[in-house]
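These notes concern the structure reproduced below.
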Amino acid sequence: MARVNENYLKLPGSYLFSEIARRVNQYKKENPDADIIRLGIGDVTQPLAPAVVEAMKKAVAEMGSPDTFRGYGPEQGYEFLIEQIIENDFRSRGVELAVDEVFISDGAKTDTANFQEIFGINNILAVSDPVYPVYVDSNVMAGRTGMVNDKGQFEKIVYLPCTEENGMKPPLPRTRVDMIYLCFPNNPTGMTISKEELKVWVDYARENRSVILFDAAYEAYIREEGVPHSIFEIEGAREVAVEFRSFSKTAGFTGTRCAYTIVPKEVKAYDSNDQAHSLNPMWLRRQTTKFNGVSYPVQAAAAATFTEEGKKQVREIIDYYMENARIIRKGLEEAGYKVFGGVNAPYIWLKTPGNMRSWDFFDKLMRQVHVVGTPGAGFGAHGEGYFRLTAFATRANTERAIERIRTRM
Ligand code: MLT
């Protein structure tokens, strides 16, 4: 008799964004004329930059010619892309990386979900609360989290509450933890931390021989000086951190799929005899076994974001979304909402009026003004009473959505 992986039975019924899509589709079915504006899932709306499209076309043409056709590429990614990443995203900020410390993949979601596989099953993990649900769900699937309680929290996860009182910055855990998920600029709150604050985490990890899994998917949205773009800007981070980056939100690749993960050779975890093992060759072993790399045209397209033209065009798209973020923040503040984020991130985190439960606010917003967002409770117990809007819609839809909220909510 085939048995299921019972860890899957501990998961919430559906993945947060699938649940939202289900509710919206149901509402659309019942109200086919409703003009719904989606500020829910963080999916981009602006087309790929022209330089990216040109590079992809050229690469596709190469694939169609016998002289330039390519079969399997290196599982870790093509060097032409890795070198551009190192030069533009890291060396320019004083961070040196070796070519074999960068692993190209099809998404930061994929990598943040899969990376836990190379850690022991008894590791204790810490996550911010609220949190991007992938970090939790992937560890539940692996069997690292124990049972869920009536607040929807897992008994073996250390939750780090991010509240208005602590400026939505996760406090250090009170008990020792082994794996720490941090995401800055943060999804869902849109908040950031300073270099000094991030250094406290790096020091904690060094003292406790923990590993920080640092998700920097929204790095391109940082506007303010002094906000770290990479955890490797912090002294000592190479010993204790892995970093996830993505072209999805940086260059509109949500449908194209390209991302990368940095695994420095110094970062280690320990076996049951306390022998240290470098995670870099373990991740390589994992990727070469389970992954065959990102397609050549997509990697060529990603590399085009680093040309002079590409950089300028991508920057314009990010500026466009950040102007949306400004419009959302301003509109909500004028309407009397308490608002967080949206300054160095494409997410705006608002407090629901009158402490309304966040799924109730979701329903009200969808039914009353046909605007879809993401209920804070979907990101964790401390997300209750909050709500997330994204800046990734078109300008027209962003303006219309805010106008509806201001005048009809
Ligand atoms: C979000 O809305 O939080 C993101 O779209 C999720 C993701 O990038 O997977």
Of all DSSP beta bridges in the chain, antiparallel share, percent nearest 5: 55
Bins of 20 Å from zero: percent of alpha-carbon pairs in the chain: 26, 58, 16, 0
Only Lys, Arg (+1) and Asp, Glu (-1) charged, at Cβ; the chain dipole about Cα centre in debye: 1220
The range 191-241: GluC sites (Glu not before Pro) in DSSP loop, at most 16 other beta carbons within 10 Å: Glu224, Glu225, Glu235
Charge-dipole axis of the chain as Lys and Arg at +1 and Asp and Glu at -1 on Cβ define it, positive-most pick from Gly342, Val263, Ser248: Gly342
Cross-link partners of Lys265 among lysines (Cα-Cα below 23 Å; sequence separation of 8 or more within a chain): Lys109, Lys195, Lys199, Lys290
Within-10-Å neighbourhood charge of Ser194 [Cβ basis; K, R +1; D, E -1]: 0
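Rule-based calculations on the coordinates, nothing more; no lab input. Please read all numbers here as calculations on a predicted model, not as lab measurements. When we count neighbours, we look across all protein chains shown, and the Cβ atoms used for this are built from the backbone with ideal geometry, even at glycine.
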